[in-house]
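The values are calculated or read from the model by the stated rules, or taken from the named source; none is laboratory data. On a predicted model such as this, the values are computed, not experimentally measured, just so you know. Because the Cβ atoms are built from the backbone with ideal geometry, glycine has one as well, and the counts that use them run over all protein chains shown. Surface accessibility is based on the protein's heavy atoms, side chains included, excluding ligands, DNA and RNA. Shrake-Rupley method; radii C 1.70, N 1.55, O 1.52, S 1.80 Å.
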Amino acid sequence: MELTYQAFCLLNDLYDRARGRTVLPSAEGCDEAALLPRLAQEGLVTVNPPAITQKGEEALEPYRVKGAVILAAGPSTRFIPLSLEQPKGLFEVKGERLIERQIKQLREAGITDITVVLGYKAEMFFYLRDKYDVRFVFNERYSVKNNIESIRLAGDALCDAYLCCCDHYLTVSPFRTFEYRSFNAGIATADRINEMYVTCGEDGRILSMRPGENGGTIMAGHVFWTADFAEAFLRLAEEDLHTGIYDHMFWEWMVKDQLEQLPPLYMKKYGPDCIFEFDYFEELRRFDDAYLGETHSRIMGNIAKVFGCSEKDIIGFRNISEGLTNTSFVFRIGDEDYIYRHPGDGTANIISRENERRSLEIARERGIDPTFICADVQEGWKISRYVPVFREPDYASETDSEKVVAMLRRLHSLPVKVDYGLRPWEDALAMEALLRQKDPNCMAPFEGLKAKIHALYEKTLGDGVQPCFCHGDTYCHNWMLKPDGDVILIDWEYAGYADPGVDVGYYIVDAMYDFDTAERFILAYLEGNRDETLMFHYMAYTALIAWYWFVWAMYRESCGAVMGESLYNWYEMARKYAEHLCAE
């Protein structure tokens with residue numbers, strides 16, 4: 001029997017009442033008094049008392065929800081610092097883990113076929129399989145694509161199924177055993193800007209979607225997709241796999257752009273304080289005051305210990321774009337801002353945190369990096385003062401190059417000798433060994449270039465250039481040019497006693513200077529002394545340090561990081577300079 005939507009809603013309500021289930025009500029409702037007599041005539045309900053009959057339950061059966069997909073792959077970078085330690089779906093809110101609360105709410109509605117899409121720190125969710133008999137799908141590209149890829153990978157599990165996000169907190173379960181049509185949950189708001197707002201027709205069908213308005217109805221919470229809607233969306237997702245237009249967008253943007261081509265999608269509105277999404281840590285703190293005190297976060301504990309304060313005094317979190325090696329965020333205590341550096345996965349194998357701390361102390365003592373406060377050599381975290389106003393050097397500016405060169409000469413003249421330092425050729429070989437453990441043939445395509453790099457390295461040995469205290473990572477993002485003229489050099493992970501060509505060469509590499517510009521930069525560093533042996537040395541080290549960072553990038557990608565264009569740029573600079581110098 002095919003039901004009207006209003007008849008379905010009443011039967012669905014009576015079905016849940018008969019089982020004593022309290023379900024989060026939507027704003028739709030139905031005219032029970034008007035419907036009961038008609039449905040009673042059809043034998044679907046009784047009137048006194050209002051109750052669903054066996055025939056009514058049979059009429060609902062074609063609308064049974066077949067399953068649910070919970071998206072849990074993303075790293076939740078806005079939810080720092082807690083998301084650095086565990087995925088947001090595993091946070092406890094009001095004494096219950098977010099994802100477990102949703103799974104239990106789904107199971108209470110009889111929905112046991114539950115698929116969880118994993119990516120970031122996937123292993124932390126593995127216990128769910130034994131505890132709730134869920135199925136896992138793995139999104140290995142969670143760091144380079146948004147949740148459309150997770151949806152695509154879930155595939156047929158989305159047909160006649162709920163689509164949920166693991167970080168939603170639903171005060172009362174909204175999940176039903178039966179659903180009639182595709183919909184997105186939503187709430188009315190007057191103060192949320194970064195959301196997708198909708199306009200609906202009288203029947204609740206979504207007619208348009210617009211981001212970033214100042215008030216109205218927004219898409220928030222769970223979703224239900226009938227088979228026809230899911231299949232249509234999956235076709236679009238499959239097409240985007242090749243075009244990549246939506247790689248960095250949430251799935252709602254694809255729906256917005258293709259709304260007229262997709263089957264009807266409706267809005268199911270809920271009242272205030274029913275559906276919560278915690279995009280930022282401060283939002284969670286406001287909702288659950290347990291997070292004002294003990295957050296059970298090692299990061300928060302580290303900060304509190306360093307500053308001798310309570311965790312509730314640590315506020316104002318904001319993300320800094322993830323670096324190539326680590327992830328950092330800004331926090332505030334009192335009126336001062338600071339930066340917390342969280343080490344990247346796999347960095348312990350290639351960076352000595354003890355050596356880094358010693359280098360930081362030297363740089364602070366000599367006034368080269370006054371931002372450093374403290375660092376932990378065991379866990380690899382670091383706290384620094386935040387510099388609010390500065391700019392990075394412009395690679396095309398000769399004035400900025402002069403400032404950089406002056407600082408490098410000052411650094412390299414320090415009477416400091418330590419028993420560690422970057423050795424680009426030997427260190428690249430060590431990283432190759434780590435790579436070969438995972439893929440014995442990984443370097444085969446680059447053996448010719450490697451031979452040229454080695455030949456250049458051999459020619460620099462014994463040419464009179466002496467090692468000195470070096471920074472090791474002199475690309476533009478580690479320089480701060482302040483308005484008062486001060487120059488600060490930060491991030492000393494690769495610092496130590498090394499060949500000065502490491503610092504001079506890497507600035508050239510990251511700037512991707514051509515040969516003439518590189519020679520001018522080197523000549524400025526040498527204060528106009530155009531010694532051909534020295535010029536060759538620094539040009540050779542440009543190729544050598546580019547090779548080092550290329551191998552480093554391959555290793556970091558083997559650990560799950562995404563190097564993107566940087567990996568190619570380092571390869572290209574190593575190739576270009578090696579071929580140029582070997583041809584002379």
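Sticking with the crude label model, points 7 Å out along Cα→Cβ, report the distance from THR46 to GLU426 in nm, one decimal please. According to this spin-label approximation, the distance is 8.8 nm.
The helix-only estimate of mean residue ellipticity at 222 nm for the chain, built from DSSP H runs of length n ≥ 4 each weighted as -39500 (n - 2.57), is -12000 deg cm²/dmol after division by the residue total. Could you tell me which of rounded, prolate or oblate describes region 415-461, using a ≥ b ≥ c as the square roots of the eigenvalues of the alpha-carbon gyration tensor, with rounded for a/c under 1.5 and, failing that, prolate when a/b is larger than b/c and oblate otherwise? Here region 415-461 falls in the oblate category.
Output needed for region 358-517: three equivalent-ellipsoid semi-axes, defined as square roots of 5 times the C-alpha gyration tensor eigenvalues, in descending order, whole Å. Mind showing how you got there, number by number?
On the way: eigenvalues 164, 83, 55 Å².
Ellipsoid semi-axes (Å, largest first): 29, 20, 17.
Rounded to the nearest 0.05, what FRET efficiency is calculated for LEU414 and ASN529 with R0 set to 22 Å and r the Cβ-Cβ distance? It comes to 0.60. Counting only protein heavy atoms and a probe of 1.4 Å, the accessible surface of the chain is 48% carbon and sulfur. Helix 5-18 and the longest principal axis of the Cα set of the chain meet at an angle near 90°.
Any idea of the accessible area per residue across region 396-513, 1.4 Å probe, to the nearest Å²?
Details: 5010 Å² over 118 residues.
For region 396-513, the per-residue accessible area is 42 Å².
The phi-based Karplus calculation (6.51 cos²θ - 1.76 cosθ + 1.60; θ = phi - 60°) puts the 3J(HN,Hα) values of region 40-51 at 5, 4, 8, x, 8, 9, 10, 9, 10, x, x, 7 Hz, whole numbers, x for Gly and Pro.
I need the calculated FRET efficiency for the pair GLU336 and ALA444, taking r as the beta carbon distance and R₀ as 51 Å, to the nearest 0.05. Before the final figure, lay out the partial values.
Values: r = 52 Å, r/R0 = 1.02.
The formula returns an efficiency of 0.45 here.
Karplus-derived 3J(HN,Hα) values for region 157-163, using 6.51 cos²θ - 1.76 cosθ + 1.60 with θ = phi - 60°, are 5, 8, 6, 6, 9, 7, 10 Hz; glycine and proline are entered as x. Amide H contacts for VAL93 (H built 1.01 Å from N in the peptide plane; partners 5 or more residues away or on another chain; cut-off under 5 Å): LEU98.
Using DSSP to define loop residues, name the trypsin sites (Lys or Arg not before Pro) in region 94-158 whose beta-carbon has at most 11 other beta-carbon atoms within 10 Å.
Those satisfying the criteria are LYS94.
Straight Cα distances below 20 angstrom link LYS145 to the lysines LYS88, LYS121, LYS256, with same-chain residues fewer than 8 positions distant left out. Placing pseudo-labels 7 Å out from each Cα toward the beta carbon at GLU565 and ARG391 gives an inter-label distance of 2.1 nm.
The C-alpha atoms of the chain define a longest principal axis, and helix 398-412 lies at about 70 degrees to it. Partners of LYS459 within straight-line reach, counting lysines whose Cα lies under 28 Å from its Cα and excluding those fewer than 8 residues away in the same chain: LYS417, LYS450, LYS576.
Sorted largest first by accessible area at a 1.4 angstrom probe radius, with every protein chain in place, the residues GLU458, GLU392, GLU432 fall in the order GLU458, GLU392, GLU432.
Solvent-accessible surface of protein heavy atoms, probed at 1.4 angstrom with all chains present, puts LYS312, LYS482 in the order LYS312, LYS482, largest first.
So, for region 1-96, what is the accessible surface per residue at a probe of 1.4 Å, expressed in square angstrom?
46 Å²
Protection proxy ranking for 561-571, 233-243, using the average of other Cβ atoms within 10 Å per residue and placing the highest first: 561-571, 233-243.
Which number comes out as Rg/Rh for region 187-288 once both Rg and the Kirkwood Rh are worked out on C-alpha atoms?
0.99
For region 124-226, the solvent-accessible area works out to 40 Å² per residue, with a probe of 1.4 Å and every protein chain left in place.
Given contacts defined as C-alpha pairs under 8 Å and at least six residues apart, what's the relative contact order of region 470-556, whole-number percent? Each step should come with its number before you reach the end.
Values: 87 pairs, mean separation 25.4, N = 87.
Computed over region 470-556, the figure is 29 percent.
Taking Cα atoms only, the orientation of helix 447-460 departs from the longest principal axis of the chain by about 40 degrees.
The candidate values are (1) 103, 52, 43; (2) 85, 64, 42; (3) 74, 60, 50; the one derived from this structure for Cα extents along the principal axes in Å carries the label (1). Note on the chain: dipole from Cβ charges, positive end direction compared against ALA561, THR22, VAL306; the farthest Cα belongs to THR22.
Karplus-based coupling profile of region 61-72, in residue order and whole Hz: 4, x, 9, 5, 6, 8, x, 8, 10, 10, 7, 9, with θ = phi - 60° in 6.51 cos²θ - 1.76 cosθ + 1.60 and x standing for Gly or Pro.
For THR115, the residues 5 or more places off, or on other chains, whose built amide H falls under 5 Å of its own are ALA68, VAL69, ILE70, ARG135.
The lysines within cross-link reach of LYS403, meaning a Cα-to-Cα straight distance under 21 Å and a gap of 8 or more places when in the same chain, are LYS482.
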